[in-house]
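Novice: Take this structure, written in structure tokens, and hold onto it; I'll ask about it next.
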Amino acid sequence: MGFFISRDKLTNLKSYKYQSEDHSILSNAILKPYWRQFSKIFPVWMAPNVVTLLGLSFIIINVLATLYYDPSLTEQTPSWTYFSYAIGLFLYQTFDACDGLHARRTGQSGPLGELFDHCIDSINTTLSMLPFISTAKIGFGKLLILVQFTVLGNFYLSTWEEFHTHKLYLSEFCGPVEGIFILITSYIIVGIWGPDLMWHKVVFQNDVVRIESIHLWFTFSFFAVFYNIIAASKNVKQYYKEQELVKDGQSDSTGTGCQRKAELESQKELDIAIKGLLPFLFYFISVIVLITVNENFINLPLVLSIGLTMAFVVGRIIVAHLTNQDFPMINFPMLVPSIQLVYYLISTHYLKRDTTSTIINLVWFGLGLTLGIHAMFINEIIYEFTDYLDVYALTIKHPHAKVV
């Protein structure tokens, strides 16, 4: 029995069935035919998870280029880097879409693949943000944390929705498709005309207020988060309503009494499900308090530790979804900012230690701790899944076998 999953829960993997509902306009009109053809370039002996990892490698190359040319994330870089970001992001999206197609082609579809895909996506969410921060010349400040809050919030919300509905929903305009293409287009525009035209064009200005195009983007992003909360909540409630009608044997009934009962029960289930959003909210409140006390906490180690924390949490939610466990409300890495804050206050106010060295030590401590916990989680889950399902993670053990 492992720390993150008990052996008896692994039996639920046998009932795994991937479900999705894709309403993306761009995906259905253009990209799916392209993805189906592109997926054929991968040899049948290649494991689908290797395709997923190869996709992540393009993002890592983008991040390394960003940190090399613009470590402060505030400077304009050579034009070719922006085109590189666009190509890397496009290839990541392509490989991410093709890993599932390749899995079905080789008979390797299963819960390990979904877990692997979500874990890579959760890491990518923070990594792919860094080239954008550099392109928009935002730098290590509070705006960076707000950007991270919006992108991680949407990813957490999508995973929360999938946990309850057992289905991945992609709306007509969704981040993984249309959102990525907007970002790709922005990189191309910046590569041609520079970042100021795209992100710092003055929209309105007077003696008091200066509004640039990037502020409009932030406004749109926050509205998108709230819209996604409403849409995801609606999907969760509808799922529980349908389940209640099926349970009562009234799936086809339009009777007022049955509908009213199902409505009340689904609302109760939604009220319980909504509590699963609170850990994310409380976590980011703790981060905001930390950086408000001292903005020097905002640096690369903190940003990466936030990303690793959310990757760990999302991974636990997916594991709970795949193995029919309760929603993971308590996750130790989410306490790291609070621990850092308490130690910082004690160290600087009572022990009179140097503020700068204390912050440096604390952010690297946070990064090391979250990285270690996430690595331990990934190691255990992959071992437990592969051992129980009798598969390999990065090679194909049973060619063309119908793996659950």
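Novice: Any aspartates and glutamates with Cα under 13 Å of the Lys9 Cα? List them, leaving off those in the same chain fewer than 8 positions away.
Specialist: Asp326, Glu384
Novice: Longer than 22 Å from Cα to Cα, which of Lys17/Lys268; Lys14/Lys40; Lys142/Lys275; Lys234/Lys268; Lys32/Lys137 are they? Say none if no pair is.
Specialist: Lys17/Lys268; Lys14/Lys40; Lys142/Lys275; Lys32/Lys137
Novice: So how far apart, in nm, are the two label points at His23 and Ser213 if each is 7 Å from Cα heading toward Cβ?
Specialist: Roughly 3.0 nm, to one decimal.
Novice: For Ser338 and Leu143, compute 0.36 nm times the residue count separating them, minus their Cα-Cα distance, and round to one decimal in nm.
Specialist: Extra length from Ser338 to Leu143 when fully extended: 68.1 nm.
Novice: Taking only Cα atoms, what is the 0 to 90° angle, nearest 10, from helix 278-293's long axis to the longest principal axis of the chain?
Specialist: Taking Cα atoms only, the helix is inclined about 10 degrees.
Novice: Within the chain, what's the longest stretch lacking chymotrypsin sites (Phe, Trp or Tyr not before Pro) that sit in DSSP loops with no more than 13 other Cβ atoms inside 10 Å?
Specialist: Longest site-free region, per DSSP loop and neighbour criteria: 46-404.
Novice: Let me ask something additional. Using label points projected 7 Å from each Cα along Cα→Cβ, tell me how many nm separate Phe226 and Thr185, to one decimal.
Specialist: Going by the 7 Å Cα→Cβ label model, 2.5 nm.
Novice: Ok, one more. When the chain is fully extended, how far beyond the present Cα-Cα distance does Trp80 get from Thr386, taking 0.36 nm per residue of separation?
Specialist: Residue separation times 0.36 nm, minus the Cα-Cα distance, leaves 106.0 nm.
Novice: Still on this structure, I have one more. Setting aside same-chain residues fewer than 8 positions from Lys247, which aspartates and glutamates have a Cα under 20 Å from its Cα?
Specialist: Hits, sequence-local ones excluded: Glu263, Glu265, Glu269, Asp271.
Novice: Whole Å is fine, so just give me how far the alpha carbon centre of the range 281-345 lies from that of the range 11-44.
Specialist: Spelled out, the Cα-based centre of one part sits 31 Å from the other.
Novice: Still on this structure, please answer the following. Ignoring everything except DSSP H segments at least 4 long, calculate the 222 nm mean residue ellipticity for the chain; use -39,500 (n - 2.57) per segment, divide by total residues, nearest 500.
Specialist: -22000 deg cm²/dmol
Novice: Subtract the Cα-Cα distance of Asn299 and Thr348 from 0.36 nm times their separation in residues, and report this length gain in nm to one decimal.
Specialist: Gain on extension, Asn299 to Thr348, equals 15.7 nm.
Novice: Quick one: longest stretch of the chain between exposed loop trypsin sites (Lys or Arg not before Pro), exposed meaning at most 15 other C-beta atoms within 10 Å and loop per DSSP?
Specialist: Counting only loop sites that pass the neighbour cut-off, the longest clear stretch is 202-351.
Coordinate-derived values only; no laboratory data. It should be emphasised that the depicted structure is a prediction, and the values quoted were computed from it without experimental measurement. Cβ sites come from the backbone with ideal geometry, for glycine too, and all protein chains shown count toward neighbours.
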